[in-house]
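To start, the structure itself, in C-alpha cells.
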C-alpha cells in the first residue's frame, strides 16, 4: 500500500503509515492538533542501536521514549468507565487502558509485545468507537523489515515472529479486526535506525 498523501514526505521515508476506514482523513480534518502531535513525535524519534542493545524489561526504552514524548504533549494514559443500560439494567463493559489518549484519539505503542496484544488493542478501539468515546485509533509498531537489523546485532531471538510487528497486524485489520473503528497504523522503518555506537 502506498503512503497516503496526507503523510508528509519526510515522515513517509521513515515510517510505513496505513489507514483503515479513512483514519488519516479523520485525523487530519477532525483532529488536526492531535495529528500534528503525532507527526512531532515521529519526527523526534530515532531507533537507536544503543536502545536495541539494552537488556529487556517490562517496558523497553524505545516504547518509553515514544510514550514519554506524547506525555510531554499532554496525552494521558486513559481508562474509560463504560457501561451499557438495557431496560434499566446496567452492564459494566470495562475496557483496557489506552497508552496515550487526547481529544478522542486513542493511541497504542506496541514495540515488542506478544502479537495477541494487537487483538486486545483492536477490540478496545472497536468497543470505544461503538460507544462514541473515540473517533480514531492509532497503533505505533515496528516494520517487519527491522528483523534484519536485530539479527545483525545478535538480538534476533528477542524479537521473535510471534511478537508485535507489521506483518502480524495487517492481516488482523484486513480481516476486520477493528470493526467499524477508523484505524491508523504507523510502522517504524529501517530508515529510522541510527547506529549511535555501543550501548
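Would you mention how many residues in the range 12-34 are surrounded by fewer than 16 Cβ atoms within 10 Å (Cβ to Cβ) and farther than 16 Å from residue 137 by Cβ?
Total satisfying the criteria: 4.
Here is a list of conditions, (1) surrounded by 15 or more Cβ atoms within 10 Å (Cβ to Cβ); (2) within 29 Å of residue 174 (Cβ to Cβ); (3) out of contact with any helix residue (DSSP H, G or I) (no Cβ under 6 Å at 6 or more places or on another chain), and residue 96 meets all of them except one; can you say which number that is?
For residue 96, the exception is condition (3).
Checking residue 67 against (1) in contact (Cβ under 8 Å) with a residue 12 or more places away in the chain; (2) farther than 24 Å from residue 175 by Cα; (3) touching a helix residue (DSSP H, G or I) at 6+ places or on another chain (Cβ under 6 Å), which test does it fail?
(3)
If a residue must be touching a strand residue (DSSP E or B) at 6+ places or on another chain (Cβ under 8 Å) and either within 14 Å of residue 107 (Cβ to Cβ) or surrounded by fewer than 17 Cβ atoms within 10 Å (Cβ to Cβ) (or both), how many such residues does the range 50-71 contain?
Residues of the range 50-71 that are touching a strand residue (DSSP E or B) at 6+ places or on another chain (Cβ under 8 Å), as a first pass: 62-63, 66-67, 70-71.
Now narrow it down to the ones that are either within 14 Å of residue 107 (Cβ to Cβ) or surrounded by fewer than 17 Cβ atoms within 10 Å (Cβ to Cβ) (or both): 63, 66-67, 70-71.
Total satisfying the criteria: 5.
Could you list all residues from the range 70-99 that are under 28 Å from residue 159 (Cβ atoms) and free of Cβ contacts under 8 Å to residues at least 24 places away in the same chain?
Listed by number, the residues that qualify are 72, 97.
Considering only residues that are touching a strand residue (DSSP E or B) at 6+ places or on another chain (Cβ under 8 Å) and under 26 Å from residue 157 (Cα atoms), which ones fall in the range 100-116?
Of everything in the range 100-116, those that are touching a strand residue (DSSP E or B) at 6+ places or on another chain (Cβ under 8 Å) and under 26 Å from residue 157 (Cα atoms) turn out to be 108, 109, 110, 111, 112, 113, 114, 115.
Could you identify the single residue in 74, 37 that is closer than 22 Å to residue 121 by Cα, surrounded by fewer than 16 Cβ atoms within 10 Å (Cβ to Cβ) and at pLDDT 95 or above? Walk me through it before giving the result.
Numbers: 37 fails: surrounded by fewer than 16 Cβ atoms within 10 Å (Cβ to Cβ).
Sole residue among the options that is closer than 22 Å to residue 121 by Cα, surrounded by fewer than 16 Cβ atoms within 10 Å (Cβ to Cβ) and at pLDDT 95 or above: 74.
Only one of 169, 127 is crowded, with 19+ Cβ neighbours inside 10 Å and modelled with pLDDT under 95; which?
On the way: 169 fails: modelled with pLDDT under 95.
Step by step, each of 169, 127 is checked, and only 127 is crowded, with 19+ Cβ neighbours inside 10 Å and modelled with pLDDT under 95.
The values are calculated or read from the model by the stated rules, or taken from the named source; none is laboratory data. It should be emphasised that the depicted structure is a prediction, and the values quoted were computed from it without experimental measurement. Glycine also receives a Cβ, built like all others from the backbone with ideal geometry; neighbour counts cover every protein chain displayed.
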